[in-house]
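> Below is the structure I would like to discuss, written out as structure tokens.
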Amino acid sequence: MKISKISSLALLLVILSIFLSGCSSNATLASSWPGLSIDQETAYLAYNQQVFAINILNGSEIWRYPEKPNAKITFYAPPALTSDNQLIIGGYNNILYGVNAINGNENWQFTNAKNRYIASPLVVDEKIYASNTDNTLYALGLQGNLLWTFETSGEQWAQPVLDPDGTKLYVSSMDHYLYAIDLEGNLIWKTQESLGGAIVGSPVVGDNDVLYIGSFGSHMYAINTQNGQVIWKTPTEDWIWSGPALKDNVVYFGDLNNYFYALDANNGSVLWRHQTDGVVTGTPTLTDEAIYFGTVTDGQDTGTLYALDYQGNVKWTKTIEARIYQSPILAGDVLVLAPVAKDYILAGFDLNGNQKWTFTPAKK
Amino acid sequence: MWNTLILDPMINILFWIYSIIGNFGVAIIIFTVLIKLITHPLMAQQIKGTQAMQEMQKSKQFQEIQKKYKNDREKLSQEQMKLYKELGINPFSSCLPTLIQFPIIIGLYQAIIRALAVTPIQLLDLSTHIYSFMNAAALVPIQKNFLWMDLSQPERLPIFGVGIPVLAIFVVITTYLQSKLLTPPSQPGDQGAQMTAAMNLYMPFFMGYLAWSFASGLAIYFVMTNIITILQYAALGKVNWKNLIPSFGKSLGKSKS
């Protein structure tokens, strides 16, 4: 009798714990979308408890890190490749890892950060610039040695961007400001006005000392890269999550109210906008032929891959049983997509939207 | 339905309080107090109903019915219903308020978790719950620092280089106090009371473990809920001090006699 009481109590506690864990922010279920980066014929995909190296020609696995998943470690930031063939991976466990890109062996860990890595690290020459949600940008050497830090007032969710002149880094912050710093971590300027909301996308830098960035303040901004002054701003229907893309003096991006925009980079006037079937959270991929991006259909586990021409006309769409938070990346003639799907974590499409392969990690 | 009726209003009230106070830790405390105040009449009704049921079960009439029809379950329940009617007791008067409170408490818990939004998917999800008139862009992301805590992280107070889980300890203590103080006096040989005693022993450590491993914003909610519940019972005169300090109960009994 006593034993049965204790076991029913234990069962009750287990059920309660499962229920509460399901609601908890520490749950080991996927708590973000996959982070994808591509180098020639290899895709590096950070998703949940492992990072995978995948051959993009046929979707086969090359290696995975760590070999055995650890429930306490999750990865979602797109990994970055260094010149000495290391893959730099930021974890939700506050650790930045240096991993051999050929075989997936761990080289080093950087453990100074106090919070998770959501942004992809930026690698320039012999340096790694890793933004962290502890409000700090960490500059490291290729062996994970700390060089300097730069702190903002808010969390940093976006990959830093190097100015084409090679002397400045732009750092987006959720404190509503964009920062320009030199390569030693000294502040050059902070935008002269608040950008109206958190910034979680990376800016795109154009010619003539102008960069473009959107914010949760539902505006796209053009900013003078010499002094951080706003040149123009254009309102959108809702928050802008993604960083914009730039081509032939036109700025392309989507918002959270299902619109995709093309703005004149000179004055911010709307050249055209296209209503989609869901929110757009990824930076669009621009090729000579088309604009590619994905959507997450409102309240559903589906998404649509869009290919638009540069006049805003639909070339083709492909709706799949997956949420597409990030735009596909073009590798040769394959559009590589990392959606949040039930059955697979990576897929390859041809340039007409036909699915060529999918990748599902084998159980080991 | 759940989002429209429970979750979204709660998230928006929480954000509204935060927009005025500017401190999310204080906003959680105020919000918890507010919800507990709103649900206080339900809780009072639940306590009253439970007490009436307990007293009725101790009555002679009830015991006689139990004995008389112990082999005829159908008849037993008919007679019990008759007795409820005679004494003017609604058998659902204690369970209905509990049922109504349950979604509110779950909603409160979910609202806090969702508002903390620490990952892209969580933040994207949060953006769909905030009403358009709330100026969410100015509020998001919330400032997660409160006292020595990051509300989105498990709490540790560094003392001489060692992280002490102060809130988890508070959760253990207040859960223990709550379970002790709110348990009604039991009859000897009461099996239900044995079960309750076992729960009273395990629950504080279980809740402490949750507070130790979950975001500290939730641990604050746990502590506040425990404290307010004790205060609510105390206000209704239903706190059993002698469960906590038996000698206090005895001396109280002696002085009364």
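The values are calculated or read from the model by the stated rules, or taken from the named source; none is laboratory data. On a predicted model such as this, the values are computed, not experimentally measured, just so you know. Don't worry about glycine lacking a Cβ; one is built from the backbone with ideal geometry, like all the others, and counts go over all protein chains shown. Quick note on the areas: whole protein, heavy atoms, side chains included, nothing else; ligands and nucleic acids left out. Shrake-Rupley method; radii C 1.70, N 1.55, O 1.52, S 1.80 Å.
> In the full protein assembly as shown, how much of residue B:209 is accessible to a 1.4 Å probe, in Å² to the nearest 10?
Surface accessible to solvent at residue B:209 totals approximately 130 Å².
> Let me ask something additional. Please find the FRET efficiency linking residue A:103 to residue B:162, where r is the Cβ-Cβ separation and R0 is fixed at 60 Å, and quote it to the nearest 0.05. Don't jump to the answer; show the numbers that get you there.
On the way: r = 39 Å, r/R0 = 0.65.
Efficiency, rounded to the nearest 0.05: 0.95.
> Further question on the same structure: Tell me which lysines have Cα within less than 16 Å of residue A:318's Cα, excluding those fewer than 8 residues away on the same chain?
In chain and number order, the partners are A:356.
> Continuing with this model, one more query. Charges only on Cβ, +1 for Lys and Arg, -1 for Asp and Glu: so what's the dipole of chain B about the Cα centre, in debye to the nearest 20?
With Lys and Arg at +1 and Asp and Glu at -1, about 1080 debye.
> Where does helix A:2-23 land angle-wise versus the long Cα axis of chain A, in degrees 0 to 90, nearest 10?
So the inclination is approximately 10 degrees.
> Among the lysines, which have Cα under 18 Å from the Cα of residue A:233 when same-chain residues fewer than 8 positions away are ignored?
Partners found: A:190.
> Please give, to one decimal in nm, the separation of the simple spin-label points placed at residue B:61 and residue A:360, each 7 Å out from Cα toward the Cβ.
Rounded to a tenth, the inter-label distance reads 6.5 nm.
> Which of these, B:72, B:150, B:125, has the largest mean-square fluctuation under a Gaussian network model of chain B (Cα springs below 10 Å)?
B:72
> Could you go through the range A:72-83 in sequence order and give the Karplus-derived ³J(HN,Hα) for each residue, using 6.51 cos²θ - 1.76 cosθ + 1.60 with θ = phi - 60°, rounded to whole Hz, and x for Gly and Pro?
Whole-Hz 3J(HN,Hα) from phi for the range A:72-83: 7, 10, 10, 10, 9, 6, x, x, 10, 9, 9, 5.
> Now, a different point. Treat every Asp and Glu Cβ in the range A:89-228 as -1 and every Lys and Arg Cβ as +1, leave all other atoms uncharged, and give the resulting dipole magnitude about the Cα centre to the nearest 20 debye. Please report the intermediate quantities before stating the final value.
On the way: 5 positive and 14 negative charges, 74 e Å.
Once rounded to the nearest 20, the dipole reads 360 debye.
> Below 22 Å, Cα to Cα, which lysines can residue B:82 reach? Residues fewer than 8 away in the same chain don't count.
Result set, ordered by chain and number: B:48, B:58, B:60, B:67, B:68, B:70.
> Taking Cα atoms, how many degrees apart are the long axis of helix B:8-21 and the longest axis of chain B, rounded to 10 and kept between 0 and 90?
60
> Of the chymotrypsin sites (Phe, Trp or Tyr not before Pro) in the range B:69-122, which ones lie in a loop per DSSP and count no more than 14 other C-beta atoms within 10 Å?
Details: sites: B:69, B:84, B:92, B:109; in loops: B:69, B:92.
Loop-located and lightly packed - B:92.
> Amide H of residue A:282: which non-local residues (sequence gap of 5 or more, or other chain) have their own amide H closer than 5 Å, using H built in the peptide plane?
A:294, A:327
> Where does each of A:279-285, A:317-323 land if you order them by average Cβ count within 10 Å, highest first? Write out the running numbers ahead of the final one.
Values: A:279-285: 24.9, A:317-323: 17.9.
The most tightly packed comes first, giving A:279-285, A:317-323.
> Order B:100, A:102, A:291, most accessible first, counting only protein heavy atoms with a 1.4 angstrom probe.
Values: B:100 75, A:102 110, A:291 0 Å².
Per-residue accessible area, sorted high to low, gives A:102, B:100, A:291.
> Report, as an integer, the average count of C-beta atoms from other chains found within 10 Å of each Cβ along B:148-161. Present the calculation step by step, with values, prior to reporting the outcome.
Details: counts 0, 0, 3, 0, 5, 6, 1, 0, 0, 0, 0, 0, 0, 0.
Mean partner shielding for this stretch: 1.
> 7 Å from Cα along Cα→Cβ at both residue B:3 and residue B:34: what's the point-to-point distance in nm?
2.2
> Please report, to one decimal in angstroms, the Kirkwood hydrodynamic radius of the protein assembly as shown built from all distinct Cα-Cα pairs. Mind showing how you got there, number by number?
On the way: mean 1/r = 0.0364 Å⁻¹.
Value: 27.5 Å, from the Cα pair sum.
> To the nearest 20 Debye, how big is the dipole of the range A:165-210 about its Cα centre, given +1 on the beta carbon of each Lys and Arg and -1 on that of each Asp and Glu?
Working: 2 positive and 7 negative charges, 31 e Å.
So the magnitude is around 160 debye.
> When ranked by the protection proxy of mean other Cβ atoms within 10 Å per residue, highest first, what sequence do the peptides B:21-29, A:240-248 form? Please list the in-between numbers first.
Working: B:21-29: 19.8, A:240-248: 21.3.
Those peptides, ordered most packed to least, come out A:240-248, B:21-29.
> Follow-up question, since we're still on this one. Just counting partner chain Cβ atoms within 10 Å, what average do the residues of peptide B:112-124 show around their Cβ?
Values: counts 2, 5, 2, 0, 1, 1, 10, 12, 10, 10, 3, 9, 11.
The shielding value for this peptide is 6.
> Provide the per-residue ³J(HN,Hα) series for the range A:95-109, in order, calculated from phi with Karplus coefficients 6.51, -1.76, 1.60 and θ = phi - 60°, each as a whole number of Hz, with x at glycine and proline positions.
So the J values, rounded to whole Hz, are 10, 9, 10, x, 10, 5, 6, 7, 10, x, 7, 6, 9, 7, 10.
> Another question about this same structure. Taking R0 as 56 Å, what FRET efficiency do you get between residue A:208 and residue A:58 from their Cβ-Cβ distance, rounded to the nearest 0.05? Don't skip to the end; give the middle numbers.
Numbers: r = 44 Å, r/R0 = 0.78.
That pair, residue A:208 with residue A:58, gives E of 0.80.
> How big is the B/A interface in buried accessible area, both sides summed, 1.4 Å probe, to the nearest 100 Å²? Write down the numbers at each step before the final one.
On the way: alone 15600 and 15970 Å², together 28510 Å².
For B against A, buried area totals roughly 3100 Å².
> In addition: Over 5 Å intervals from 0, what percent of Cα-Cα pairs in the range A:81-202 sits in each interval?
Result returned by the calculation: 2, 12, 23, 24, 19, 11, 5, 2, 1, 0.
> How would you classify the range A:242-364 from its alpha-carbon gyration tensor, with a ≥ b ≥ c the square roots of the eigenvalues: rounded for a/c under 1.5, else prolate if a/b is greater than b/c, otherwise oblate? Could you put the intermediate results ahead of the total?
Numbers: a/c = 2.25, a/b = 1.66, b/c = 1.36.
Taking the square roots of the gyration eigenvalues as a ≥ b ≥ c, the range A:242-364 is prolate.
> If each of residue A:124 and residue A:165 carries a label point 7 Å out from its Cα toward its Cβ, how far apart are those two points in nm?
Once both label points are built, they end up 1.2 nm from each other.
> In square angstrom, rounded to the nearest 10, how much accessible surface does residue B:212 have for a 1.4 Å probe?
110
> Extension gain residue A:298-residue A:333, at 0.36 nm per residue separation less the Cα-Cα distance, in nm? The partial results should precede the final answer.
Details: separation 35, 0.36 × 35 = 12.60 nm, distance 3.01 nm.
9.6 nm is the gain from fully extending residue A:298 to residue A:333.
> Right, here's the next one. Can you pull the accessible area of residue B:134 for me, 1.4 Å probe, Å² to the nearest 10?
Answer for residue B:134: close to 30 Å² accessible.
> Also, quick follow-up: Would you work out which of A:307, A:320, A:271 lies farthest towards the positive end of the dipole of chain A? Charges go on Cβ: Lys and Arg +1, Asp and Glu -1.
Toward the positive end, the furthest listed residue is A:320.
> Average partner chain C-beta neighbours within 10 Å, per residue of A:190-198?
2
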